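Student: Below: one structure in structure tokens.
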Amino acid sequence: MHPALKILAGAAAVVVVLLLGVVVAVSTVDVNTLIAPVRDRVKAMTGRDLTVRGGARVALSLQPRLVLGDVSLSNAPWASAKDMVTAQRVELQVALLPLLSRRFELIELMLVDPVIALETDAQGQGNWTSATAPGTLPGAASAPPVPAIFAAGNVSISNGSLTYRDGASGSVTRVAIDRLFVRARDPATPIVAEFRGRIGDVPVTLEGTLGSADALLAQRWPYPVSLQGEVAGQKASISTKLKAEGGRYSLNDLALKFGADALTGTFAVVTGGARPRLEFDLTGPALALNVLPVPLPVAAPKAAAPAAKAAPHYMIPDTPVDFAPLHLVDARGRLAVGRLRLPDGREFESLRVEFTLDNGKLDLSSFSLTLMGGTMSGALTIDAGTAGTESLAVRMEGKGLALDAILAAAGYPRQVRGGKTDVNATLAMRGASPRAWAASATGIVGAVVGPATLVNTKVGSSSTFDKLGEALNPFRTMDASTELKCAVVRLQLANGVAKVDRGIAMETAKLGVGASGTLDFRNETLDFAFQPKIRKDIPLEIASLADFVRVSGPFASPQIRIDPVGSAKALATIGAAVGTSGVSVLGQALFAWAEGKGAGPCAIALGAAAPSAAALGTAAKAEGDQAPIPLASEIGKAIGKLLGK
């Protein structure tokens, strides 16, 4: 006989002998007698009841399996589900040779069709924690021994489902497990891992390697994790070193990629307090929130709120803001991203954020980003620690913003060249809705626009904004463009009301405009007087066309009225320019500026000293020497033309 055939025949004989030995060994053992010792040990270690309704059998092969049918593990007494784990079948793959000595050494644990229900109570205690204190296991001395696990890393789950219910919020996260396995040749070698399934509605496929089972059981940190695959159809990967000390779980040397997104740094979760605390320091070239699949828990249904009484229609919504997410966790973190894309598609660059979140109080101590061609920086505090006393404080400063981008964002797109804009705001607000914030706003809001060329187009718009622009600037319908020198808005708010004393102004190459009035966010009304003045030597067919333009009424539908004659009495009703001669002072100042004898409207709006009494007297005399005002019919025709009637 050929030597190779002899070797094969000998090997076959050995296999046959081993199988016969296993058959003889198992035939003398009733595997159902193993259930009671295992059940007792599980009860002693966890305080939970292990039930095997389908009995036990051994499936003989080169890798024998102990098969348990219809298995369940009871839940914590306070949990919503009766059992924490149920499985149609549990298979334990055991080592072949130890069976000859009637010893069961476990190689792999397989769960088929399991249903796993994890949850926490209102205090954050998990149902997976033992019902007995470590070191004081009841019945530990008398409980029968159980076989030692040969490779603790070998676990396989197929066609399973997992739910996680947060006891504090009532939210539920669902995981569908098509396939999950973690497997290693022995306890000292790295574990190969694979997961296929869905987290919420997000499909996930990941595979990679973990550290060894020995290292995990011995808590030898850091523990390496390296996984890659697809999440929501996008290529994804994570590489990190896990460390667990006490109630702190850290992901160090974290490298996370998802599609074009990439973040590196550290991330940690700290448990044991009133709420979990997140700590992170992350940087990356890009983060696109519009494609980032964040599985959101399903909120528990709430009882329908009683119907609210009908309220007046306001532009600023009175919809309450849900501050509950600020109470889910505490946090401290820093984030630096080269390019950030929001869910609505807007993009920002060079984002830098540093913040803390503690018991419902969010303190965004600093932020900065590039947007609209410029930069924005500042700080934000939201204090929602106690319901009914919510407050906000914001401080921000914008530098070099593009005017065309600002107009487009406000809903008034216009072709603009130049117009770098600086903005600033320092506000304190109260309440739990945007309307409450606006109605209580106290502080300063300002904007300064630099030189710009605004292309004049005949848009034929009926909006108040365009009508006002045409009424104040008759050259808009005559010239191809408006050469803007500057524009200023300076509002001082107190409890939702801004009284403007010459704090709004505009200068062009041909005219200047100043404004005073009142802006009331409590009832969303405004009442403003605008006074334009043409520069000297600028010809205009109707010189006093818009001596005074008044805009008043609700925000949603303000009315424009033009009175070129006796405006002083109407101006007195505005209530602005307190402590002065009213807007008439502004009119005289504008005339002096038009004659080249005083500060311009932008400078006055920014707080420059008003013209001297002598200059105002001269201006008033000159103003009194003007040509007579045109007939009312001519004025009406001109106004109608300007307003497109």
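The values are calculated or read from the model by the stated rules, or taken from the named source; none is laboratory data. A quick note: this is a predicted structure, and the numbers were derived from the prediction, not measured. Methodologically, a virtual Cβ is constructed for each residue, glycine included, from the backbone with ideal geometry; neighbour enumeration extends over all protein chains shown. Just so you know, the surface numbers come from the protein's heavy atoms only, side chains and all, with ligands and any DNA or RNA stripped out. Shrake-Rupley method; radii C 1.70, N 1.55, O 1.52, S 1.80 Å.
Student: Residue by residue through the stretch 393-419, note down the ones that are more than 24 Å from Gly443 (Cβ to Cβ) and among the charged types (D, E, K, R).
Tutor: Correct list: Asp404, Arg414, Arg417.
Student: Check the stretch 127-148 and report whether any residue there is assigned to a strand (DSSP E or B), touching a strand residue (DSSP E or B) at 6+ places or on another chain (Cβ under 9 Å) and either modelled with pLDDT of 85 or more or not charged (D, E, K, R) (or both).
Tutor: Taking every residue of the stretch 127-148 in turn, none turns out to be assigned to a strand (DSSP E or B), touching a strand residue (DSSP E or B) at 6+ places or on another chain (Cβ under 9 Å) and either modelled with pLDDT of 85 or more or not charged (D, E, K, R) (or both).
Student: Among (1) at pLDDT 85 or above; (2) more than 26 Å from Trp128 (Cα to Cα); (3) open to solvent by 70 Å² or more (accessible area, probe 1.4 Å); (4) not aromatic (Phe, Trp, Tyr), there is one condition Ile238 misses while meeting the rest; what is its number?
Tutor: Result: Ile238 passes all but (3).
Student: In the stretch 223-235, which residue that is open to solvent by 50 Å² or more (accessible area, probe 1.4 Å) and in a strand (DSSP E or B) is farthest from Gly338 (Cα to Cα)?
Tutor: The selected residue is Pro224.
Student: Then there's this: Restricting attention to strands (runs of 3 or more DSSP E) lying wholly within the stretch 427-526, give those where 3 or more residues are in contact with a Ser or Thr (Cβ under 6 Å, 6 or more places away or on another chain) and farther than 23 Å from Ala379 by Cβ.
Tutor: Once the strands (runs of 3 or more DSSP E) in the stretch 427-526 are filtered for at least 3 residues that are in contact with a Ser or Thr (Cβ under 6 Å, 6 or more places away or on another chain) and farther than 23 Å from Ala379 by Cβ, what remains is 452-455, 481-494, 497-508.
Student: Assess whether Ala151 counts as being open to solvent by less than 30 Å² (accessible area, probe 1.4 Å), at pLDDT below 75 and of a type in the set (A, V, I, L, M, F, W, C).
Tutor: Answer is yes for this residue.
Student: Of the residues in the stretch 200-222, how many are closer than 15 Å to Ser250 by Cα and part of a loop (DSSP other than H, G, I, E, B)?
Tutor: 4
Student: So, one more: Scan the stretch 74-126 for residues that are assigned to a loop (DSSP other than H, G, I, E, B), in contact with a strand residue (DSSP E or B) (Cβ under 8 Å, 6 or more places away or on another chain) and either farther than 21 Å from Val52 by Cα or at pLDDT 70 or above (or both) and jot them down.
Tutor: Asn75, Ala76, Ala79, Ser80, Ala81, Lys82, Ala95
Student: While we're here: Given (1) open to solvent by 60 Å² or more (accessible area, probe 1.4 Å); (2) over 21 Å from Thr421 (Cβ atoms), identify the lone condition not met by Arg395.
Tutor: Arg395 satisfies every listed condition except (2).
Student: Let me ask something else about it. Among the residues of the stretch 325-343, write down those that are exposed (fewer than 13 other Cβ atoms within 10 Å of the Cβ) and over 19 Å from Ala402 (Cβ atoms).
Tutor: Correct list: Pro325, Pro343.
Student: Select from the stretch 400-453 the residues that are over 25 Å from the mean Cα position of the chain (by Cα) and of a type in the set (Lys, Arg) and write down the one among them that is surrounded by the fewest Cβ atoms within 10 Å (Cβ to Cβ).
Tutor: Only one residue fits best here, namely Arg417.
Student: If you don't mind, another one. Look through Val42, Val67 and report the one residue that is aliphatic (A, V, I, L, M), surrounded by 14 or more Cβ atoms within 10 Å (Cβ to Cβ), outside any strand (DSSP E or B) and modelled with pLDDT under 85.
Tutor: Every option except Val42 fails the conditions.
Student: Also: For Gly197, all conditions in the list (1) outside any loop (DSSP other than H, G, I, E, B); (2) more than 30 Å from Gly167 (Cα to Cα) hold save one; what is the number of the exception?
Tutor: Unmet for Gly197, out of (1) outside any loop (DSSP other than H, G, I, E, B); (2) more than 30 Å from Gly167 (Cα to Cα): (2).
Student: Name every residue in the stretch 45-64 that is at pLDDT 70 or above, under 25 Å from Ala81 (Cβ atoms) and open to solvent by 70 Å² or more (accessible area, probe 1.4 Å), in order of residue number.
Tutor: Asp49, Arg53
Student: Only one residue in Ala188, Ala176, Ala218, Ala255 is in contact with a helix residue (DSSP H, G or I) (Cβ under 7 Å, 6 or more places away or on another chain) and open to solvent by 30 Å² or more (accessible area, probe 1.4 Å). Which one?
Tutor: Ala188
Student: With at positive phi and open to solvent by less than 60 Å² (accessible area, probe 1.4 Å) as the only criterion, which of Gly360, Gly385, Gly374 stands out?
Tutor: None of the other options fit; the residue is Gly360.
Student: Test Ser350 against the stated conditions and say whether it is without any contact (Cβ under 8 Å) to a residue 60 or more places away in the chain, in contact with a strand residue (DSSP E or B) (Cβ under 6 Å, 6 or more places away or on another chain) and surrounded by fewer than 14 Cβ atoms within 10 Å (Cβ to Cβ).
Tutor: When the stated conditions are applied, Ser350 does not pass them.
Student: Can I ask one more? Just give me the residues in the stretch 487-524 being surrounded by fewer than 21 Cβ atoms within 10 Å (Cβ to Cβ), within 37 Å of the chain's Cα centre (by Cα) and within 24 Å of Arg535 (Cβ to Cβ), in sequence order.
Tutor: Val489, Arg490
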